[in-house]
Amino acid sequence: MMRNTIFITLFLAVGALFNVNAKSVKKEGKPNVIFILTDDQQFDLLGCNGNKILKTPQFDKMAAEGVRFTNAHVTSAICTPSRVSILLSQFERKHGVNFNSGTSVAPEAWEESYPVVMKNNGYYTGYIGKNHSPIGEGGYQSGLMDKSFDYWYGGHGHLSFYPKKRHEIFKGAKHDTQVEILEEGVTDFLNSNEYRLDGAFHFLESRPEDQPFCLSICFNLPHGASTGTMKQLATDSIIYRELYRNIPIPVEPNYIAKKDIVSPKLPAGLLRAEDRQQGYDYVDNIADNKERTIRQMQAMTGIDGLLGKLRAGLKEQGLDKNTIIIYTSDHGLFMGQQGLGGKALCYEQCTHVPMIIYNPTTSRKARGRVVEELVQTIDIAPTILQYGGVEIPKSYQGKNISGLVDASSEKVREYLFTENLWSTQFGNPRCESVQNKEWKYIRYYKNENLSAGVKIAAAKELGINVNTMLYSVHDPDIALYRSFIDGPLHGEQAVYEELYNLKNDPQEMQNLISKSENKEVLESLKSQWKILIKEARGTDKPKVLRYTADSMLEQYGVVKHE
């Protein structure tokens with residue numbers, strides 16, 4: 001009898017323990033996921049990536065508690081195609097959307113974006129900040145993207161440093177500056193049962209507490225279009241008025257002012273520096289370049305503060321142990337290194353970006369590591385879906401890198417492919433690159449685009465709006481862009497090539513293409529290029545819609561330029 005009593009007691013105790021664990025599992029369920037994207041952030045614009053001046057204690061802490069990737073790259077180093085690539089996990093050659101493409105993402109392609117897939121699989125989804133991806137019929141004006149989320153507090157196109165002047169949705173914010181306005185959105189999202197931010201769209205009355213969430217926070221900082229509008233107003237945070245202003249700002253070792261350029265990095269007929277967008281003229285002299293560097297660092301310290309408050313808010317609500325945070329940038333930026341300014345090239349300065357993944361559900365042993373494996377921003381979407389226990393669409397070209405985060409796998413690729421198809425009047429050539437951990441091969445194509453200078457002169461002579469002349473994309477441009485995509489696949493030859501040893505020359509100063517001792521390496525990388533460009537293109541037609549000045553006139557009777 002005593003024996004049976006003991007057995008029953010133990011059985012009930014074990015049953016009770018099982019029920020507690022079951023409730024705990026049910027309560028926690030699938031993890032929450034937060035994705036943070038900065039804009040134009042160079043790899044070394046972060047304390048934990050070696051910047052000795054910049055203060056980013058919250059990012060540094062997250063890196064120490066998570067996994068920091070030191071070999072992360074974008075697929076296209078320009079805002080729109082990079083962001084579409086992140087959303088759809090596809091190379092630009094496959095998704096077919098850029099500033100010069102004359103297209104927007106078709107609804108059927110958008111249905112396989114990571115936010116829509118997560119929502120369709122039980123996640124409460126939110127979007128805060130900058131959207132620079134035209135989605136649906138009419139692109140930014142379609143409303144399709146806005147309504148795809150349960151919570152929307154975003155602005156299409158550039159936000160500027162003071163978004164209330166540019167976007168109606170932010171006008172109800174208490175603050176005036178971008179980081180702080182987006183911070184209000186984060187607070188609203190996390191506390192939607194109590195807090196109600198004027199302007200934000202809650203497509204459900206409140207965020208269900210028993211439903212996992214997937215939140216995207218996308219900045220328009222430290223991008224020059226935003227840092228260039230900073231005014232250091234008395235109402236701005238002291239960070240944006242005083243920080244970094246009373247200390248020496250070192251010059252990049254390979255910085256060359258415009259007046260001092262003797263031999264251009266690339267042949268003048270290939271990269272036409274005289275046609276560069278005017279917004280990058282600050283790199284031409286050291287004083288303006290230092291001022292912009294200060295503003296970039298201020299913006300990053302502001303974003304760092306938001307991250308700290310975000311994590312504190314998660315902890316306060318008991319969400320910190322079940323919320324994964326993924327952070328990266330849409331591309332890097334040249335700040336006068338080797339006499340270059342801007343992006344849209346396949347050099348490390350443009351394609352190499354910071355990336356940190358913090359997963360509190362992994363073992364402590366797996367955290368705090370630095371991973372040197374080759375990863376790309378198209379890997380983010382499949383990784384998010386993997387964390388959500390969601391099937392990854394076959395259309396995805398990225399890799400699930402959760403195994404690198406929890407230390408269960410060693411690598412996901414041996415080579416990576418990057419490309420630039422944004423070749424326009426602003427002088428940038430089309431190019432592609434293939435690299436492994438040690439070597440990079442870059443190939444360029446003939447640059448026959450009409451000069452920005454010619455267009456500007458004609459606009460001024462005839463009284464045409466210069467931005468309309470420079471930024472309008474018309475129906476024939478769709479065909480030109482398609483030729484950019486398919487030309488190299490149909491035999492178009494490179495007109496210039498480069499080879500760099502990234503191990504010995506990480507700044508890509510010495511082009512080794514003509515060195516006979518590198519012939520075997522070069523041939524190997526060229527062979528990989530043939531494979532990877534075909535894989536990047538895929539076999540399906542791009543799922544896009546016509547989105548040009550002509551289509552907008554037909555649909556709305558107006559043309560808007562961001």
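The values are calculated or read from the model by the stated rules, or taken from the named source; none is laboratory data. Note that the coordinates shown come from a computational prediction; the quantities given were computed from them, not determined experimentally. Backbone-built Cβ (ideal geometry, glycine too); neighbour counts: all protein chains shown. Keep in mind that these areas ignore ligands, DNA and RNA; they rest on the heavy atoms of the full protein, side chains included. Shrake-Rupley method; radii C 1.70, N 1.55, O 1.52, S 1.80 Å.
This table checks each residue for (1) more than 18 Å from Phe69 (Cα to Cα); (2) touching a His at 6+ places or on another chain (Cβ under 9 Å); (3) hydroxyl-bearing (Ser, Thr, Tyr).
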| site | (1), (2), (3) |
| --- | --- |
| Ala299 | yes, yes, no |
| Gly341 | yes, no, no |
| Leu345 | yes, no, no |
| Tyr358 | no, no, yes |
| Thr377 | no, yes, yes |
| Leu385 | yes, no, no |
| Ile392 | yes, no, no |
>> Which of the numbered conditions does Gln141 fail, given that it passes all the others? Conditions: (1) closer than 14 Å to Ser395 by Cα; (2) touching a residue at least 24 places away in the same chain (Cβ under 8 Å).
In response: (1)
> What residue, of Leu270, Leu204, is more than 26 Å from the chain's Cα centre (by Cα) and farther than 30 Å from Tyr387 by Cα?
Replying inline: Leu270
>> Let me confirm something: among Arg196, Arg207, which residue is in a loop (DSSP other than H, G, I, E, B), under 23 Å from Tyr327 (Cβ atoms) and open to solvent by 10 Å² or more (accessible area, probe 1.4 Å)?
In response: Arg207
>> For the stretch 376-399, which positions are crowded, with 20+ Cβ neighbours inside 10 Å and free of Cβ contacts under 8 Å to residues at least 60 places away in the same chain?
In response: Thr383, Lys399
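Quick grid of which residues meet (1) hydrophobic (A, V, I, L, M, F, W, C); (2) closer than 23 Å to Gly308 by Cβ; (3) part of a helix (DSSP H, G or I); (4) open to solvent by 10 Å² or more (accessible area, probe 1.4 Å):
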| position | (1), (2), (3), (4) |
| --- | --- |
| Asn71 | no, no, no, yes |
| Val84 | yes, no, yes, no |
| Ser101 | no, no, no, no |
| Lys130 | no, yes, no, no |
>> With the condition being open to solvent by less than 50 Å² (accessible area, probe 1.4 Å), I'd like the helices (runs of 4 or more DSSP H) fully within the stretch 464-541 carrying at least 3 qualifying residues.
In response: 475-486, 519-537
>> Looking at the stretch 26-47, I want the residues that are within 19 Å of Cys214 (Cβ to Cβ) and have a partner that is at pLDDT 95 or above and of a type in the set (Gly, Ala, Ser) with Cβ atoms under 7 Å, at least 6 apart or on another chain. Which pairs are those?
In response: Lys30/Gly388; Lys30/Gly389; Val33/Gly388; Phe35/Ser216; Leu37/Ser329; Thr38/Ser329
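Name the one entry in Asp540, Asp505 that is at pLDDT below 95 and not hydrophobic (A, V, I, L, M, F, W, C).
Among Asp540, Asp505, only Asp540 is at pLDDT below 95 and not hydrophobic (A, V, I, L, M, F, W, C).
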> Here is a list of conditions, (1) of a type in the set (Val, Ile, Thr); (2) part of a helix (DSSP H, G or I); (3) open to solvent by less than 60 Å² (accessible area, probe 1.4 Å), and Val454 meets all of them except one; can you say which number that is?
Replying inline: (3)
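Would you say Tyr240 is at pLDDT 95 or above and on the phi > 0 side of the Ramachandran plot? Give the derivation first.
Details: at pLDDT 95 or above: yes; on the phi > 0 side of the Ramachandran plot: no.
Spelling it out, it is not the case that Tyr240 is at pLDDT 95 or above and on the phi > 0 side of the Ramachandran plot.
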>> What pairs come out if I take residues in the stretch 339-367 that are more than 30 Å from Ser423 (Cβ to Cβ) and pair them with residues that are of a type in the set (Ser, Thr, Tyr) and part of a loop (DSSP other than H, G, I, E, B) whose C-beta lies under 9 Å away, six or more apart or interchain?
In response: Ala366/Ser408
> Taking the stretch 73-82 on its own, how many of its residues are in contact (Cβ under 8 Å) with a residue 60 or more places away in the chain and surrounded by fewer than 24 Cβ atoms within 10 Å (Cβ to Cβ)?
Replying inline: 0
> Of the residues Glu414, Glu448, which single one is open to solvent by 10 Å² or more (accessible area, probe 1.4 Å), under 30 Å from Asn465 (Cβ atoms) and among the acidic types (Asp, Glu)?
Replying inline: Glu448
>> Looking for something in a helix (DSSP H, G or I) and either farther than 30 Å from Asp284 by Cα or in contact with an Asp or Glu (Cβ under 6 Å, 6 or more places away or on another chain) (or both) - is there at least one such residue anywhere in the stretch 324-347?
In response: no
> Do we find a residue being of a type in the set (A, V, I, L, M) and open to solvent by 30 Å² or more (accessible area, probe 1.4 Å) anywhere in the stretch 343-363?
Replying inline: no
>> Anything in the stretch 298-326 that is open to solvent by less than 10 Å² (accessible area, probe 1.4 Å) and under 30 Å from Pro248 (Cα atoms)? List them, or say none.
In response: Gln298, Ala299, Met300, Gly302, Ile303, Asp304, Leu306, Leu307
> Give me the pairs: first residue in the stretch 259-271 and at pLDDT below 95, second residue loosely packed, with under 12 Cβ neighbours inside 10 Å, beta-carbon distance under 9 Å, and six or more apart or on different chains, which are they?
Replying inline: Ala268/Glu274
> Is it true that Arg443 is farther than 23 Å from Arg83 by Cβ and at pLDDT below 95?
Replying inline: no
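Among Ile261, Ile286, Ile294, which is surrounded by fewer than 21 Cβ atoms within 10 Å (Cβ to Cβ) and more than 19 Å from Pro222 (Cα to Cα)? Please lay out each step first, then the result.
Working: Ile286 fails: more than 19 Å from Pro222 (Cα to Cα); Ile294 fails: more than 19 Å from Pro222 (Cα to Cα).
Step by step, each of Ile261, Ile286, Ile294 is checked, and only Ile261 is surrounded by fewer than 21 Cβ atoms within 10 Å (Cβ to Cβ) and more than 19 Å from Pro222 (Cα to Cα).
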>> Considering only residues that are out of contact with any helix residue (DSSP H, G or I) (no Cβ under 9 Å at 6 or more places or on another chain), within 30 Å of His95 (Cα to Cα) and in a helix (DSSP H, G or I), which ones fall in the stretch 147-167?
In response: Lys147
> Just checking, how many residues over the stretch 103-122 are of a type in the set (Gly, Ala, Ser) and part of a loop (DSSP other than H, G, I, E, B)?
Replying inline: 3
>> Going through Gln58, Gln90, Gln42 one at a time, which residue ends up being under 16 Å from Leu345 (Cα atoms) and either open to solvent by 10 Å² or more (accessible area, probe 1.4 Å) or in a loop (DSSP other than H, G, I, E, B) (or both)?
In response: Gln42
>> It is to be established whether one or more residues within the stretch 232-254 are within 28 Å of Asn467 (Cα to Cα), of a type outside the set (Val, Ile, Thr) and over 26 Å from the mean Cα position of the chain (by Cα).
In response: yes
> Cβ-Cβ below 7 Å, separation at least six or inter-chain, first residue in the stretch 102-115 and touching a residue at least 40 places away in the same chain (Cβ under 8 Å), second basic (Lys, Arg): which pairs?
Replying inline: Gly102/Arg546; Thr103/Arg546; Ala106/Lys543; Glu108/Lys543; Ala109/Lys543
